[in-house]
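Q: Pasting a structure below so you can have a look.
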Amino acid sequence: MDFLLNCGISEDILRKVEVNNSKQTILDAEWNMERVVSSIDYLSRIGIKQINKILINRFDIVLRGEKNLKEKFEKIGTKELVDKINKDIKNICYLDKY
């Protein structure tokens, strides 16, 4: 998971990610580094400020890949959903509905 350090994720956040996610999720991330990095980059580009919380609590979101995330955000309404997620991380659940 050290590849996350190159994405600007701190060592403290990295430790929390490793503690709060299953071993299988961690392995999936390591096998799909490019997908994870592209997802983090996409979330950052659209203005998500809760990336650390997403990584810690909902790592499955970044395992979806940029293409999948982009489709879901566009289907729901990117600006509206970004605003909702930035106000309350629990709103990330909207991505599960579409």
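What follows is calculated from the coordinates using simple rules that are stated; it is not laboratory data. If you're wondering where the values come from, they're calculated on a predicted model, not measured in any experiment. Cβ atoms come from the backbone with ideal geometry, glycine included; neighbour counts cover every protein chain shown.
Q: How big is D, in µm² s⁻¹, for the chain by Stokes-Einstein at 20 °C and 1.002 mPa s if Rh is the Kirkwood radius over C-alpha pairs?
A: 160
Q: What is the diffusion coefficient of the stretch 1-42 in µm²/s, taking the Kirkwood radius over Cα pairs and the Stokes-Einstein relation at 20 °C with a viscosity of 1.002 mPa s?
A: 206
Q: Rounding to the nearest 20 debye, state how big the charge dipole of the stretch 1-88 is about its Cα centre with +1 on each Lys and Arg Cβ and -1 on each Asp and Glu Cβ.
A: On the way: 16 positive and 15 negative charges, 75 e Å.
Magnitude of the dipole: close to 360 debye.
Q: How charged is the neighbourhood of residue 59? Take every other residue with its Cβ under 13 Å from the Cβ of residue 59, and add Lys/Arg as +1 and Asp/Glu as -1.
A: Computed value for this residue: +2.
Q: Further, regarding this structure: What number, in percent, do you get for the relative contact order of the chain if the mean sequence gap of Cα pairs under 8 Å and at least 6 apart is divided by its residue count?
A: The value is 27 percent.
Q: R0 = 25 Å: FRET efficiency of residue 34 with residue 83, Cβ-based, nearest 0.05?
A: After rounding to 0.05, the efficiency reads 0.30.
Q: While we're on this one: At a Förster distance of 25 Å, what's the computed FRET efficiency of residue 6 paired with residue 98, Cβ-Cβ distance as r, to 0.05? Before the final figure, lay out the partial values.
A: Working: r = 30 Å, r/R0 = 1.22.
Calculated transfer efficiency: 0.25.
Q: Membrane-span-like helices in the chain: DSSP H runs reaching 27 Å or more (Cα, own axis), mean Kyte hydropathy at least -1.0? List each step's numbers first, then the result.
A: Values: long enough: none.
Long hydrophobic helices here: none detected.
Q: On a 18 Å Cα-Cα criterion, which of the cross-link pairs 23/70; 49/84; 16/67 come out too long?
A: Checking Cα-Cα distances, 23/70; 16/67 exceed 18 Å.
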